[in-house]
């Protein structure tokens, strides 16, 4: 499910379960992303439960898009988000846009927490052409299909 297909309700705060449902990921995945992406940093209420704001939900959707749809690595997604935040890029969700510069708290945390990207080592995912990315997506899809076939064969042998 892409970000453009997700409609975020007009609420001030979201519980972790609501964000998981909107993003289509499990809670442990969302908590892991929080540890890896400083720009995804929900506040906690008095009871210690995470409370997400709309911008946190948008960030989780953007992270999912980079990792699952665009096939970025964690490191590549961090670099991409950092550069988007630094350049004042837009976070989009179902036609609603929030400039990243308006989300100054997240941008400041991201810039402080992530080191500048290393010198181009020839493996910069962000510089791949759209054709290369589409080819890689196709290969990843085919590999997942092959894995599913192999898993079914293994289940058949186990019986």
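The values are calculated or read from the model by the stated rules, or taken from the named source; none is laboratory data. Keep in mind that this is a model prediction, so the values were computed, not measured. Counting neighbours? That spans all protein chains shown, and the Cβs are built from the backbone with ideal geometry, glycine included.
If you go through the stretch 36-45 one residue at a time, do you hit one that is assigned to a loop (DSSP other than H, G, I, E, B), under 16 Å from the mean Cα position of the chain (by Cα) and modelled with pLDDT under 90? Within the stretch 36-45 (the criterion being assigned to a loop (DSSP other than H, G, I, E, B), under 16 Å from the mean Cα position of the chain (by Cα) and modelled with pLDDT under 90), the answer is no, since none of the residues qualifies. Being assigned to a helix (DSSP H, G or I), farther than 15 Å from residue 40 by Cβ and modelled with pLDDT of 50 or more is a description that does not apply to residue 80. When residue 62 is tested against the conditions (1) loosely packed, with under 14 Cβ neighbours inside 10 Å; (2) within 24 Å of residue 131 (Cβ to Cβ); (3) in contact with a strand residue (DSSP E or B) (Cβ under 8 Å, 6 or more places away or on another chain), the lone failure is (1).
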